[in-house]
Amino acid sequence: DALAEHFIVTEQDWTLLGNFYVGNRELDAVLVKQNALIVIDFKDYAGKLSLSEDGPWLIEDTASGESTKVKGGASVNPLVQLRQNKFALVGFMEKVNKNCNWGHIAAIVLFHGAIKFDAQQIPGNCKPWLHIADMRDAVRTMEAIVSREIHIGPKDIQYIVDWFELTPFIPAGAVKSRLLLGPDA
């Protein structure tokens, strides 16, 4: 709903693909923009997040102080999972369009609950492509991700949708927006 509302306001044409496989990798979602591809992994946690490149990620419940491991599917953490998902998508996209630098595909771990973390904990070699956000700043974070090395046209998007045999998802409730009328209306 937040993305749909953003599309209405900005008149941007983004496509959100959800729950599909690239090779043997299951992806929660991929956001396709004209100048970016963003692999999204959703996590249902809230609290204070501690990161590691190859070790466990921990999230501390701010009320109870208890820590929980944040797994990345079968991987030790979301970074490892997203790295694998990203490179599976890179391999596929190189077949779709050889003129782009698909190494610029980005990834985001998107938490449903509010999180706090130190962005300096993101390993240096991952900073160009790995992003972490919660629902409060998800749209702003995705808006900021762009690459001069990627250009995805409408035909590319349609090819991707057709290749994966993805069907449009229309939620039961539509996004409601009303224009604010001025005093003369």
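The values are calculated or read from the model by the stated rules, or taken from the named source; none is laboratory data. Source: prediction; values computed, not measured. Counting neighbours? That spans all protein chains shown, and the Cβs are built from the backbone with ideal geometry, glycine included. Accessible surface areas use protein heavy atoms only, side chains included; no ligands, DNA or RNA. Shrake-Rupley method; radii C 1.70, N 1.55, O 1.52, S 1.80 Å.
Values computed for the structure shown
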read-out: Sequence-distant residues sharing a close amide H with Lys43 (under 5 Å, placed H); value: Leu110, Phe111, His112
read-out: For segment 32-106: Kirkwood Rh in Å [reciprocal of mean 1/r, alpha carbons]; value: 14.0 Å
read-out: Rh (Kirkwood; distinct C-alpha pairs) - segment 84-162, Å; value: 14.2 Å
read-out: Cα-based reach from Lys98 at 28 Å (exclusive), listing lysines while leaving out same-chain residues under 8 positions away; value: Lys33, Lys86, Lys127, Lys155
read-out: Neighbourhood charge, 13 Å Cβ-Cβ cut-off, centred on Arg25 and excluding it, Lys, Arg +1 and Asp, Glu -1; value: -1
read-out: Carbon plus sulfur fraction of accessible area for the chain, probe 1.4 Å, in percent; value: 52 percent
read-out: For Val76, solvent-accessible area (1.4 Å; no DNA, RNA or ligand), Å²; value: 60 Å²
read-out: Label point distance in nm, Asn35-Gln158, each placed 7 Å from Cα along Cα→Cβ; value: 2.5 nm
read-out: Value in Å of the Kirkwood radius, where the chain supplies the Cα pairs that are averaged; value: 17.8 Å
read-out: List Tyr21, Tyr159, Tyr45, ordered by accessible area with a 1.4 Å probe, largest first; value: Tyr21, Tyr159, Tyr45
